[in-house]
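Worksheet: one structure, shown below.
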Amino acid sequence: MMESHKQYTGIYRTHRDMVDDGSNAVMNSHREAAAAQLDLQGLPTTKVERYKYTDAEAAFAPDYGLNLRRLAPGADPYATFKCNVPNLSTSLFFVVNDVPCAAPQSSRALLPEGVMVCTLNEAAQHHADIVERYYNRAAATDRDFRTGHDGVTLLNTMLAQDGMLIYLPEGCRLKAPIQVVNVASAKADMMSVRRIVVVAGRGAKGSVLLCDHAEGEGRYLTTQVAEVYAEEGAELNVYSIEETNARTTRFSTIYVEQQANSRFSYDGIALTCGQSRNRLDVRLRGEGATAEMYGAVIADSEQRADNNIVVEHLAPKCTSDMLYKYVLGGHSTGAFAGKVYVAPGAQQTASEQTNANLCASPTARAYSQPMLEIYADDVKCSHGSSIGQIDQNALFYMRSRGIPEHEARLMLMQAFMNDVIDGVRLESLKDRLRHLVGSHILGNSASCHDCAGSCQNKK
């Protein structure tokens with residue numbers, strides 16, 4: 001039996017003083033309880049239902065380095081790093097591995113008065129009440145749908161020394177999206193422990209863009225836990241774009257709590273990865289709350305992408321919409337599990353859940369598990385999934401109109417993803433994502449094991 005969590009609990013207990021010294025009192029106060037629970041249950045294996053397609057125990061077994069001394073990155077990412085989602089007039093902030101970088105004034109120029117974008121250590125020093133109110137509130141109540149705490153989240157809570165706070169005060173209107181670019185960069189194998197808290201106060205409106213990249217030759221293991229709070233009447237859009245590499249293993253967990261009449265939208269786009277596991281838990285706690293979740297995965301080679309979503313309808317008259325699509329080439333694997341839970345008393349719930357998978361290669365694999373668990377009788381809920389290959393009739397029709405097979409395949413795959421991209425509310429980001437999705441589909445299709453005709457088209 002593997003017990004890979006023990007190397008991390010051992011590091012924590014041996015170097016507890018160092019961990020605490022690099023952090024703040026609020027974060028430190030949650031460590032011991034997380035470590036004790038992690039000791040009891042360990043990290044999840046594929047025997048745990050929500051980790052059926054991703055073995056966290058095995059993923060954490062290799063020996064990764066940790067930056068417990070909080071050493072600053074050697075280079076300034078603001079000067080050296082070029083994001084693939086530029087020209088969006090965002091307020092730009094960087095995190096290298098798990099160390100937030102000091103932002104220049106230009107990154108704060110577009111922020112309205114009262115908006116805070118800072119490290120959790122800075123926030124704990126100057127706004128301790130906000131950190132105490134929101135840090136680890138949503139994550140601590142996670143019991144993996146009431147069957148046990150998530151071991152990856154426990155590990156993150158035990159070891160995270162800093163993070164980012166994005167706070168939109170009551171009535172705030174963001175002039176431009178806040179963009180946080182996470183960069184994995186190290187000469188040795190490195191584990192990053194990232195934490196982020198996003199709060200949209202009563203009636204606040206704004207967008208947050210999270211981008212993940214990797215550079216260098218090392219292997220990277222990343223855990224990121226985000227806690228997102230939408231207070232009454234708030235409107236919050238969160239976008240997550242992953243462009244890492246084949247040597248990156250990424251565990252992202254996002255907890256969302258929504259109050260009455262709030263609106264939350266999420267777009268998760270995985271363009272390149274090694275192993276990517278994305279968990280999204282949305283709790284609709286107030287009457288009339290709305291949640292929209294869109295996801296797109298472009299995978300090739302040996303890449304693995306696993307999306308696991310749970311939406312809990314805990315109040316009446318709430319609405320949720322879930323749409324996830326995968327294009328899988330090479331020997332890649334895509335997994336989707338979506339669950340909508342409707343609590344007793346959550347009447348007049350409306351929910352739709354759709355997962356569609358296109359296997360562009362005969363060796364690609366897709367797994368789909370849509371679920372409904374309903375304890376109210378006045379509801380409108382639906383779910384569905386599909387797994388298939390490129391429509392041969394459509395391909396024949398396009399070829400009969402003079403379109404080469406290679407181009408026809410590309411066009412069909414891009415069209416397959418269009419309705420996911422259409423869910424993006426930022427027009428400039430939507431246009432850029434169309435370009436990036438097309439580029440990655442082209443890259444997948446150009447590989448020999450996916451498209452025998454690509455070489456012919458290059459002659």
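The values are calculated or read from the model by the stated rules, or taken from the named source; none is laboratory data. Remember, it's a predicted structure, so these values are computed and weren't measured experimentally. Cβ sites come from the backbone with ideal geometry, for glycine too, and all protein chains shown count toward neighbours.
Does GLY286 satisfy being more than 24 Å from VAL152 (Cβ to Cβ) and surrounded by fewer than 24 Cβ atoms within 10 Å (Cβ to Cβ)? Show your work before the answer.
Values: more than 24 Å from VAL152 (Cβ to Cβ): yes; surrounded by fewer than 24 Cβ atoms within 10 Å (Cβ to Cβ): yes.
Yes: the conditions hold for GLY286.
Report, by residue number, each residue of the range 291-310 that is part of a strand (DSSP E or B) and either surrounded by fewer than 24 Cβ atoms within 10 Å (Cβ to Cβ) or touching a Lys or Arg at 6+ places or on another chain (Cβ under 6 Å) (or both). First the steps, then the outcome.
So in the range 291-310, the residues part of a strand (DSSP E or B) come out as 291-299, 304-310.
Listed by number, the residues that qualify are GLU292, TYR294, ALA296, ARG304, ASP306, ASN308, VAL310.
Looking at ALA408, ALA394, ALA376, can you tell me which residue is among the small types (Gly, Ala, Ser) and surrounded by 17 or more Cβ atoms within 10 Å (Cβ to Cβ)?
Working: ALA394 fails: surrounded by 17 or more Cβ atoms within 10 Å (Cβ to Cβ); ALA376 fails: surrounded by 17 or more Cβ atoms within 10 Å (Cβ to Cβ).
Residue meeting the stated conditions: ALA408.
Within the range 182-208, restricting attention to residues that are modelled with pLDDT of 95 or more and touching a helix residue (DSSP H, G or I) at 6+ places or on another chain (Cβ under 7 Å), the residue that is farthest from TYR255 (Cα to Cα) is VAL193.
Exactly one residue out of ALA103, ALA79, ALA72 is of a type outside the set (Lys, Arg), part of a loop (DSSP other than H, G, I, E, B) and exposed (fewer than 15 other Cβ atoms within 10 Å of the Cβ), and it is ALA72.
If I filter the range 263-283 down to residues being part of a strand (DSSP E or B) and hydrophobic (A, V, I, L, M, F, W, C), which single residue comes out as surrounded by the most Cβ atoms within 10 Å (Cβ to Cβ)? Even if it seems obvious, please write down each step before you answer.
Of the residues in the range 263-283, the ones part of a strand (DSSP E or B) are 263-272, 275-283.
Within this subset, residues satisfying the condition of being hydrophobic (A, V, I, L, M, F, W, C) are 264, 269-271, 280, 282.
On the way: PHE264: 24, ILE269: 25, ALA270: 27, LEU271: 21, LEU280: 25, VAL282: 25.
Once the filter is applied, the top-ranked residue is ALA270.
Residues of the range 33-58 that are of a type in the set (Lys, Arg) and either within 20 Å of the chain's Cα centre (by Cα) or under 21 Å from ARG137 (Cα atoms) (or both): ARG50, LYS52. If you check ALA61 against the conditions, is it buried (at least 19 other Cβ atoms within 10 Å of the Cβ) and either farther than 27 Å from SER428 by Cβ or among the basic types (Lys, Arg) (or both)? So ALA61 does not fit the description; no. Of the residues making up the range 175-212, just one is surrounded by fewer than 23 Cβ atoms within 10 Å (Cβ to Cβ), assigned to a strand (DSSP E or B) and of a type in the set (D, E, K, R), namely LYS205. Restricted to the range 40-50, and to residues there that are in contact with a Gly (Cβ under 9 Å, 6 or more places away or on another chain) and not hydrophobic (A, V, I, L, M, F, W, C), the residue that is nearest to PHE336 (Cα to Cα) is PRO44.
If you filter the range 47-58 down to residues that are of a type outside the set (Val, Ile, Thr) and surrounded by 19 or more Cβ atoms within 10 Å (Cβ to Cβ), you find that the one that is farthest from THR153 (Cα to Cα) is TYR53. The residue that is farthest from ALA291 (Cα to Cα), counting only those in the range 375-418 that are small (Gly, Ala, Ser) and part of a helix (DSSP H, G or I), is SER400.
Restricting attention to the range 241-262, the residues being closer than 14 Å to ALA315 by Cα and in a strand (DSSP E or B) number 2. Would you mention how many residues in the range 294-326 are touching a helix residue (DSSP H, G or I) at 6+ places or on another chain (Cβ under 9 Å) and either free of Cβ contacts under 8 Å to residues at least 60 places away in the same chain or not hydrophobic (A, V, I, L, M, F, W, C) (or both)? Residues in the range 294-326 being touching a helix residue (DSSP H, G or I) at 6+ places or on another chain (Cβ under 9 Å) and either free of Cβ contacts under 8 Å to residues at least 60 places away in the same chain or not hydrophobic (A, V, I, L, M, F, W, C) (or both): 8 in total. Restricting the search to the range 324-373, which residues are buried (at least 20 other Cβ atoms within 10 Å of the Cβ), among the hydrophobic types (A, V, I, L, M, F, W, C) and part of a strand (DSSP E or B)? Passing the criteria: VAL327, LEU328, ALA335, PHE336, ALA337, VAL340, VAL342, ALA356, LEU358, ALA366.
Could you please give the count of residues in the range 128-143 that are charged (D, E, K, R) and under 25 Å from VAL48 (Cβ atoms)?
Of the residues in the range 128-143, the ones charged (D, E, K, R) are 129, 132-133, 137, 142-143.
Then drop every residue that is not under 25 Å from VAL48 (Cβ atoms), which leaves 137, 142-143.
Qualifying residue count for the region: 3.
Take ASN237 and decide whether it is assigned to a strand (DSSP E or B) and either aliphatic (A, V, I, L, M) or over 12 Å from the mean Cα position of the chain (by Cα) (or both). Criteria met by ASN237. Is it the case, given these coordinates, that ALA123 is under 20 Å from ILE166 (Cα atoms) and either at pLDDT below 90 or among the hydrophobic types (A, V, I, L, M, F, W, C) (or both)? Here the answer is yes, as ALA123 does meet what is asked.
Among the aliphatic types (A, V, I, L, M) and over 27 Å from LEU43 (Cβ atoms): does that describe VAL96?
Numbers: among the aliphatic types (A, V, I, L, M): yes; over 27 Å from LEU43 (Cβ atoms): no.
For VAL96, the condition - among the aliphatic types (A, V, I, L, M) and over 27 Å from LEU43 (Cβ atoms) - is not met.
If you take the residues of the range 85-94 that are loosely packed, with under 15 Cβ neighbours inside 10 Å and not small (Gly, Ala, Ser), which of them is nearest to ALA188 (Cα to Cα)? Step through it out loud before you land on a result.
Our first condition is that a residue be loosely packed, with under 15 Cβ neighbours inside 10 Å; within the range 85-94, this holds for 86-87, 89.
Applying the additional criterion that residues be not small (Gly, Ala, Ser) yields 86-87.
Numbers: PRO86: 29, ASN87: 32 Å.
Out of the qualifying residues, it is PRO86.
Cβ-Cβ distances below 7 Å connect the following pairs, each with a first residue in the range 163-186 that is farther than 20 Å from SER106 by Cβ, a second residue that is basic (Lys, Arg) and surrounded by 23 or more Cβ atoms within 10 Å (Cβ to Cβ), and a separation of six or more residues or different chains: GLY163/ARG194; GLY163/ARG195. Contact annotation: residue pairs with Cβ atoms under 7 Å, 6 or more positions apart or on different chains, pairing a residue in the range 408-428 that is within 18 Å of LEU88 (Cβ to Cβ) with a partner that is assigned to a helix (DSSP H, G or I), are ILE421/LYS430; ILE421/LEU433; ILE421/ARG434; ILE421/VAL437; VAL424/LYS430; VAL424/LEU433. Restricting the range 106-129 to residues that are over 21 Å from SER207 (Cβ atoms) and touching a Cys at 6+ places or on another chain (Cβ under 9 Å), which is surrounded by the most Cβ atoms within 10 Å (Cβ to Cβ)? Here the residue is HIS127. Applying the condition of being polar (S, T, N, Q) and farther than 23 Å from GLY268 by Cα to the range 390-423 and asking which residue is farthest from the chain's Cα centre (by Cα) yields SER400.
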